[in-house]
Every structure is written in C-alpha cells, then in structure tokens.
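Shown next, in structure tokens, is the structure this report addresses.
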Amino acid sequence: MEISTLLSIAAVIISILALYLSYLSHKSIVNTNIENQLTIKAQECNKYVNPLTLGPPDKTEHISAVLTNIIYSKKILKMFYKNHGLSLFSCDEYDFIRFLYFQLHTSNIELVKNELPANIDNNLRHIIELQHRECFIFLERIIAENPSQPAS
C-alpha cells in the first residue's frame, strides 16, 4: 500500500472518531440542559408545599401552579426531543420523567396521585381537573412503579 492511501485511511478513521466524540459531547450537553430545566420546574413545584403540614398545597392557585409546572416539564421534554432527536435517540424519555419525579416533594406526588381537594375554586375546577389528569397521565407509569415514594 502506498503512504498516501494509508494517510487517507487514517484521516477517515480520525474524522469518524472526531464525529463520534462530538456526538457524545453534544448528547451530554443536551442531557444536562434537560436535567437542569426539570430541576428548576421541580423546585418551582416544591415551593408550594404547605409549610405548616408539609402536605400538598391547599390553595387553588398553588395547586394550579404545581400542576402547571409539571405540564411545563412535559412540554420541555417534548421540545428537547423535537429539536435534538438525533442526539437523544438512545435516551429513553422515561428516564427524564423518572428524574423529574424523584425531584418532586412527596406531597406534590400525592397531589397528582390522589383526587383533587374539595376546596378548589369552582370557577377554576374544570381547568384544574384537566391539568390534574394531564399530570397523572404524564407520571402514571412512574407512580405505578413507586406506590410509596419515600419522603423528600
């Protein structure tokens, strides 16, 4: 074999290796960004834990805020998978849902798992019921796998 052929083969191998390392780096950055966004949303939810009882929020606006942040988490995941699908094709979306779930305070999980409290403002009840259902469906699999999550 000629030296130029060997150099060409080496250049192709190095290029493929560099491309693969670039892919891994991008994947790591995207994963970190997703986890950071989900952590922020979980922290937003956890702000509404009832400070007196450490139970689920009891005010309509706080319940809605928790549910809204969980829905935003779902939308963030969908957006990342839409925009970075190639980088995330080997990542299971469920792993990120699990990550979010274990960032949430137990009382917020209980809010999603159980029926809504009776004291919700009747003017907002329908909207909050829709939010609640969407959150339950989003977290349903992880809830089923963790029937008694330890306290946060």
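So for the chain, what percent of the C-alpha to C-alpha distances run longer than 21 Å?
Percentage above 21 Å: 53.
Helix 125-145 against the longest principal axis of the chain: what's the angle in degrees, Cα atoms only, rounded to the nearest 10?
Tilt of helix 125-145: around 50 degrees.
What lysines sit close enough to K27 to cross-link, taking a C-alpha to C-alpha distance under 22 Å and skipping anything fewer than 8 places away on the same chain?
Cα-Cα hits under 22 Å: K41, K74, K75, K78, K82.
Given contacts defined as C-alpha pairs under 8 Å and at least six residues apart, what's the relative contact order of the chain, whole-number percent?
Worked out over the chain, it gives 28 percent.
Using 13 Å as the cut-off for backbone N distance, which residues of the stretch 70-100 belong to the label zone defined by a point 7 Å from the Cα of R141 along Cα→Cβ?
Flagged as within label range: 91-99.
Between 0 and 90 degrees, rounded to the nearest ten: what's the tilt of helix 93-103 against the longest Cα principal axis of the chain?
With rounding to tens, the tilt is 50 degrees.
Highest first, please rank the peptides 126-138, 59-71 by the mean number of other Cβ atoms sitting within 10 Å of their residues.
Descending mean neighbour count gives 59-71, 126-138.
Compare the peptides 74-85, 19-30, 95-106 by average per-residue count of other Cβ atoms within 10 angstrom and give them in order, highest first.
95-106, 74-85, 19-30
Taking the 0 to 90 degree range and rounding to the nearest ten, how far is the long axis of helix 3-46 tilted relative to the main principal axis of the chain, both from C-alpha atoms?
10
How large is the helix-only mean residue ellipticity at 222 nm for the chain, computed as the sum of -39500 (n - 2.57) over DSSP H runs with n ≥ 4, divided by its residue count, in deg cm²/dmol to the nearest 500? Each step should come with its number before you reach the end.
Numbers: 6 runs with 112 residues, N = 152.
After summing the helix terms and dividing by residue count, I get -25000 deg cm²/dmol.
Where the centroid of each part is defined by its Cα atoms, how far is the stretch 24-98 from the stretch 1-17 in Å?
After rounding, the separation between the Cα centres reads 45 Å.
Starting from the Cα of E35, step 7 Å along the direction of its Cβ; do the same at T53; then give the gap between the two resulting points in nm.
Between E35 and T53, the label points sit 3.5 nm apart.
Tell me, rounded to the nearest percent, the portion of alpha carbon pairs in the stretch 72-129 spaced more than 20 Å apart.
Result: 45 percent of Cα pairs exceed 20 Å.
Highest GNM mean-square fluctuation, the chain, Cα pairs closer than 10 Å: which of I34, I13, I109?
Comparing I34, I13, I109 in a Gaussian network model of the chain, the most mobile one is I13.
We did not get these values from a lab; they are worked out from the coordinates using the rules stated. What you see is a predicted model, and the numbers here were worked out from it, not measured in a lab. Note: ideal-geometry Cβ built from the backbone for every residue, glycine included; neighbour counts use all protein chains shown.
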